[in-house]
Amino acid sequence: MVAGIVSWGVYLPYWRLERRAIGDAFGASAGRGRRSVASYDEDTSSMAVEAGRLALRPSGVPTPGRLYFSTPAPAYLDKTNAATVHAALGLSPEAGAYDLCGSVRSAWATLELASLAGERGPVMAVLADLRTGLPGSVDETQGGDGAVAFVLAPEGGVAELAGHAAATDEFLERWRVPGETGSRQWEDRFGEEALVPLARSTFDRALAQAGLTAGDIDHLIVTGLHARAVATLKKALKVPADRVVQDHSGLIGNLGAADAGLALADCLERAEVGQVVAVVEVADGADVAVLRTTEALTGAQAARRQAGARPVAELVEQGRTDLAYPVFLSWRGVLQREPPRRPDPERPDAPASLRTEGWKFGFNASRCQVCGFRHLPPTRVCLSCRAVDQMVAERMADVRGTVATYTIDRLAYSLSPPMVGAVIDFDGGGRYRGEMTDVDPDAVTVGTRVQMTFRRLYTAEGVHNYFWKARPVADEGDDQGVPT
Amino acid sequence: MTSSGIRDRVAIVGMGCTPFGELWDQGTNDLLTDAFVECTGSAGVAADDIDAFWLGTLGAGNSGLTLSRPLKIDYKPVTRVENFCATGSEAFRNACYAVASGAYELVMAIGVEKLKDSGYSGLTGIHKVGDGTNAQLSSPAAFSFLVPAYCHKYGVDPEELGSVLNRIAWKNHRNGAVNPRAQYRKEVSLEKIAASPRVAGQLGVFDCSGVSDGAAAALICRAEDAHRYTDSPLYVKGLSLIAGPAAGVIDPEYDYTSFEEVVRSAEDAYGQAGITDPRSQLAMAEVHDCFTPTELVLMEDLGFAERGTAWKEVMAGTFDRDGELPINPDGGLKSFGHPIGATGLRMLFECWLQLRQQAPPERQITTVTEGGRTLGLTHNLGGGPGECVSFVGVVGTEPSE
């Protein structure tokens, strides 16, 4: 598992929900801290796009020829969600894109598959989760939303695989029938009894394969949705406490399928060359990988810094915390909010969406090769010089812009009104009128700097309408800051 | 652009206009029938006398059958026309050209819209979904972009501009209050307008035109035949319809303080009509006050005020019913709502009443009775800032020469 990682990207949404807000609503304690929350216009696919963009940003990252996407909360069944991610990342049409969806444990398999496929050529693995549960449940308070992407390649991996082992057993610890809002769990102590011995023996086998002992481990990662088993294992594996990687669930919640990836990214950001990292995940069994970091780690870390990537340790600290619990519930579809007296949005047309794939998913403008004028959306006839069919596509997803004028639209249909509309003028030319997101309506001004983000505008007749929105940037050298 | 126009070659000889409003008890067919009957009655003609028809509607129905079916028109040409909010004016324009071409002697332009049956707030259903990437902004939001841009360009304090917009709403409601055909027939205080809930940006409920049902119609014949039908025809002086390249929404040069399409169509219509100073030559203008900032910007685009000064002119009362140039003396879209296909013809109906001095005394404008001016202007704008169609028409009671 995970040999050959050359880059990674971690996406945590803008919003946090204070656990106290849940507790207060029910007149009970829901614990301290907060959880990360995907906004009303995000899903696992859109978050995967954001993580993937961040992983591709550092210079020298090879273009993936395969994309593997894993989530237990897919936006679609039957249809490949990775195809959406693939299109939004602007990957080659010749790149395969595959989902590994369903159980939380599929995420591990995704990394393992990517690691194997990565020996033949560059690949990307994206893990995303959107944890939810019945209102007031432990899953709701302790879960979190986010995505982590890794690029793996034959050369330049930041870690080598020293040993790995797995174990599987059939027992009813956590389950969910498709369509249900929340998972069910058997009694906590039963799961702990089932998982801990399996993980211990798996850990021992992986270490033996690597020819190492627990004392050789510099960074121990233990993850899983079973908090009690994870806590027990952190002590039971006989790795000194100061080498156990601290989890961030207090600040963002447990990211489920993306949690091991998050911890690994966090660890790689701080690890040094030649260190041993052990990753243990419990889910319907146990998986363990023992890695040794390589000389390439320093370069990857530097490239990330240069690209303005924020370390996980900072990402978990930020986020907007004034989210009201009823608003969260309405975003999750648990609480149905009165819509505006406007027609429901219509589903986008499939043929039109295919014809404009480069625009709708890739956010490609067309630039006139005669006069240089940039058109959003792309057109065949140039506004400036009227040349016909002299256009070249230009990806605008990573081009920043400035708000030329804006409005707060209280009448338009929105899953979370009011809609903030803005006219965006892009650096280097081009204007686009669209929606803003992750924004405080009172903080927008003419001149607000924005970057683009891939979102799900709405869902109609079971069709998710994905497109791009603008969101404020915190500062110029940084993609991931939350403006304060 | 070359447009020689058809100045004084055709004339309006009859008109009809239903009351506009939430007409729960009237359908599209009823509205068309009422406008049709009033219109033919005013000229003393029968349906059989009319050679061809142009029906303007955005969504009340497709094809000429929408008119020929309810009116039982006997195998005549009926053309259904759509051009966003300029739909009614576009039906009129095309009908005029048909007469001017010599193809027909007497034609009707009729427009209708039945908006209230939808059950929704505001206008809906103009845009097709396609690939789903079109911004789903509402109309008030699109026009609210004008407000911060105007303030920024001319250094007007947003609160002060708010007072200007409130006064536009107040003025149009005041005009509508004495017009029995208007949807809203009550004066609204400036305080009430200022306190109305926000809809989009700085725009409140009273900055938006209403939503209503209505129909209006005009009979057009060759100018030389006009006196066969009426002693006081209205001659068509100029007609211009401009569709732009939708530049503003994709060109960073556009600053959201003007409608280029309006500027161009006004230039064109004034050229055809021989107007050089619209502010002093026109007796009145019916302009497309879909939202209060639209009317503000139109005062400059139509040449009624210098750039950057319309807000002062509004406060000075220049455009009041008893002002230097009455704007929307009938109450405008603000008081009438905006049944799209009917609006342009409703505006023309006000010219029909005012220029011919047939408006009731309490609202007859004095630029005609005392000022001796003979020309009126109607204007529509369909779309929004940066991408719209614009119509400007000029009519008058006196033929040239």
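Values quoted throughout were computed directly from the atomic coordinates according to the rules given, and no laboratory measurement underlies them. Note that the coordinates shown come from a computational prediction; the quantities given were computed from them, not determined experimentally. Here the Cβ positions follow ideal geometry from the backbone for every residue, glycine too, while neighbour counts run over all protein chains shown.
Based on the Cβ-Cβ distance from A:ALA350 to B:ALA47, what FRET efficiency comes out when R0 is 56 Å, to the nearest 0.05? Working shown, then result.
On the way: r = 47 Å, r/R0 = 0.84.
After rounding to 0.05, the efficiency reads 0.75.
How big is the protein assembly as shown by the Kirkwood estimate over distinct Cα pairs, in Å? Kirkwood hydrodynamic radius for the protein assembly as shown: 30.4 Å. Scanning residues 5 or more positions from A:GLU160 or on other chains, those with amide H under 5 Å from its amide H are A:ARG292, A:THR293, A:THR294, with H placed 1.01 Å from N in the peptide plane.
How many partner chain Cβ atoms sit within 10 Å of a residue's Cβ in peptide B:137-148, on average, as a whole number? Walk me through the intermediate numbers first.
Working: counts 11, 10, 3, 5, 11, 5, 1, 6, 8, 2, 2, 6.
The per-residue average across the peptide is 6.
Under the combined filter of DSSP loop state and at most 16 neighbouring Cβ atoms within 10 Å, the range B:228-322 retains these GluC sites (Glu not before Pro): B:GLU253, B:GLU306.
Taking only the alpha carbons of the range B:44-151, we obtain Rg and Dmax values of 17.8, 55 Å in that order.
For the range A:288-366, the spread of Cα positions along the three principal axes, ordered from largest to smallest, is 59, 41, 30 Å.
Relative contact order for the range A:338-472: what percent, with Cα pairs under 8 Å and sequence separation of 6 or more? Intermediate values should be presented prior to the final figure.
Values: 275 pairs, mean separation 31.8, N = 135.
Relative contact order, the range A:338-472: 24 percent.
Taking chymotrypsin sites (Phe, Trp or Tyr not before Pro) as exposed when their DSSP state is a loop state and no more than 10 other Cβ atoms lie within 10 Å, the longest site-free interval of chain B runs over B:76-401.
With the simple model of a label 7 Å out from the Cα in the direction of the Cβ, B:ASN62 to A:GLU461 spans 1.6 nm.
Let me check I've understood the local charge: for A:ALA350, count other residues with C-beta under 13 angstrom from its C-beta, Lys and Arg +1, Asp and Glu -1. What total comes out?
Details: positive: A:LYS79, A:ARG347, A:ARG355, A:LYS360; negative: A:GLU346, A:ASP349, A:GLU357, A:GLU461, B:ASP131.
Taking every Cβ under 13 Å from that of A:ALA350, the sum is -1.
Inter-part distance, the range B:46-113 to the range B:132-206, computed on C-alpha centroids, equals 33 Å. Measuring from each cysteine beta-carbon in the protein assembly as shown, the ones with no other cysteine beta-carbon under 4.7 angstrom are A:CYS101, A:CYS267, B:CYS17, B:CYS39, B:CYS85, B:CYS96, B:CYS151, B:CYS208, B:CYS221, B:CYS290, B:CYS351, B:CYS388.
Tell me which of A:ASN254, A:ALA75, A:VAL239 sits at the most positive position along the dipole axis of chain A, charges placed on C-beta atoms (Lys, Arg +1; Asp, Glu -1). Most positive-ward Cα: A:ALA75. Split chain A at each of the GluC sites (Glu not before Pro) in a DSSP loop with at most 16 other beta carbon atoms within 10 Å, and the longest piece is A:318-460.
Take every pair of alpha-carbon atoms less than 8 Å apart whose residues are at least six positions apart; their mean separation over the length of chain B yields a relative contact order of 26 percent.
Counting Lys and Arg as +1 and Asp and Glu as -1, each charge on the Cβ, what is the dipole of the range A:338-472 about the Cα centre in debye, to the nearest 20? Can you show the working numbers first?
Numbers: 19 positive and 16 negative charges, 68 e Å.
With only Lys, Arg, Asp and Glu charged at Cβ, the dipole is about 320 debye.
Around the amide H of A:MET419, modelled in the peptide plane, lie the amide H atoms of A:ASP409, A:ALA412, all under 5 Å away and 5 or more residues distant in sequence or on another chain.
Out of the GluC sites (Glu not before Pro) in the range B:1-101, which ones are loop residues according to DSSP with at most 16 other C-beta atoms within 10 Å?
Counting only loop positions with at most 16 other Cβ atoms within 10 Å, the GluC sites (Glu not before Pro) in the range B:1-101 are B:GLU22.
In chain A, the alpha-carbon atoms span a convex hull of 146 Å³ per residue.
For the range A:7-92, the list of trypsin sites (Lys or Arg not before Pro) that fall in a loop by DSSP and count at most 16 other C-beta atoms within 10 angstrom reads A:ARG32, A:LYS79.
Between A:ASP204 and A:GLU155, take the C-beta separation as r, use R0 = 41 Å, and let me know the FRET efficiency to the nearest 0.05. Spell out each step's value before the answer.
Details: r = 32 Å, r/R0 = 0.78.
Step by step, r from the Cβ atoms, then E = 0.80.
For the pair B:ALA246 and B:SER101, label points projected 7 Å from Cα toward Cβ lie 2.8 nm apart.
Give, as a single signed number, the net charge of other residues whose beta carbon lies under 10 Å from the beta carbon of B:PHE259, with Lys and Arg counted +1 and Asp and Glu -1. Each step should come with its number before you reach the end.
Details: positive: B:ARG264; negative: B:GLU260, B:GLU261, B:GLU300, B:ASP301, B:GLU387.
Summing Lys and Arg as +1 and Asp and Glu as -1 gives -4.
Rounded to the nearest whole angstrom, the semi-axes of the ellipsoid equivalent to the range B:30-90, taken from the Cα gyration tensor as √(5λ), stand at 19, 13, 11, largest first. Distance between the C-alpha centres of the range A:427-477 and the range B:353-391: 42 Å, rounded to the whole angstrom.
Using only DSSP helix segments of four residues or longer, with each worth -39500 (n - 2.57), what per-residue ellipticity at 222 nm results for chain B after dividing by its residue count and rounding to 500? Display every interim value, and only then the final one.
Working: 14 runs with 137 residues, N = 401.
-10000 deg cm²/dmol, from helical runs alone.
Compared with the dominant Cα axis of chain A, that is its longest principal axis, helix A:106-117 is turned about 80°.
What does the charge count near A:ASP266 come to, summing +1 for each Lys or Arg and -1 for each Asp or Glu among other residues with Cβ under 13 Å from its Cβ? Walk me through the intermediate numbers first.
Values: positive: A:ARG270, A:ARG304, A:ARG310; negative: A:ASP247, A:ASP259, A:GLU269, A:GLU314, A:GLU317.
Within the 13 Å Cβ shell, the charges total -2.
Rounded to the nearest whole Hz, the Karplus-based 3J(HN,Hα) values (6.51 cos²θ - 1.76 cosθ + 1.60, θ = phi - 60°) of the range A:72-80 follow the sequence x, 10, x, 5, 10, 9, 6, 6, 6, with x at glycine and proline. A cut-off of 5 Å between modelled amide H atoms, ignoring neighbours fewer than 5 places along the same chain, links B:GLY14 with B:LEU219.
Kindly express, to the nearest 10 degrees and within the range 0 to 90, the angle between helix B:28-43's C-alpha long axis and the longest C-alpha principal axis of chain B. For helix B:28-43, the angle is close to 60 degrees.
Using R₀ = 51 Å, calculate the FRET efficiency as 1/(1 + (r/R₀)^6) where r is the Cβ-Cβ separation of A:ALA313 and B:TYR154; round to 0.05. List each step's numbers first, then the result.
Numbers: r = 49 Å, r/R0 = 0.96.
In this case the efficiency is close to 0.55.
With +1 on each Lys and Arg Cβ and -1 on each Asp and Glu Cβ, how big is the dipole of the protein assembly as shown about its Cα centre, in debye rounded to the nearest 20? Please report the intermediate quantities before stating the final value.
Values: 83 positive and 112 negative charges, 114 e Å.
The calculated dipole for the protein assembly as shown is roughly 540 debye.
Relative contact order for chain A: 16 percent, from Cα pairs under 8 Å spaced at least 6 residues apart, divided by residue count. Scalar couplings 3J(HN,Hα) for the range A:324-331, obtained by applying the Karplus form with A = 6.51, B = -1.76, C = 1.60 to θ = phi - 60°, are 7, 4, x, 5, 4, 5, 5, 4 Hz; x denotes Gly and Pro.
Using only Cα coordinates, the Kirkwood hydrodynamic radius of the range A:336-389 works out to 13.6 Å. Comparing B:LEU239, A:SER183, B:TYR104 along the charge dipole axis of the protein assembly as shown, the residue lying farthest to the positive side is A:SER183, per the Cβ-charge model. The equivalent ellipsoid of the range A:331-469 has semi-axes of 29, 20, 12 Å, largest first, where each one is the square root of 5 times an eigenvalue of the Cα gyration tensor.
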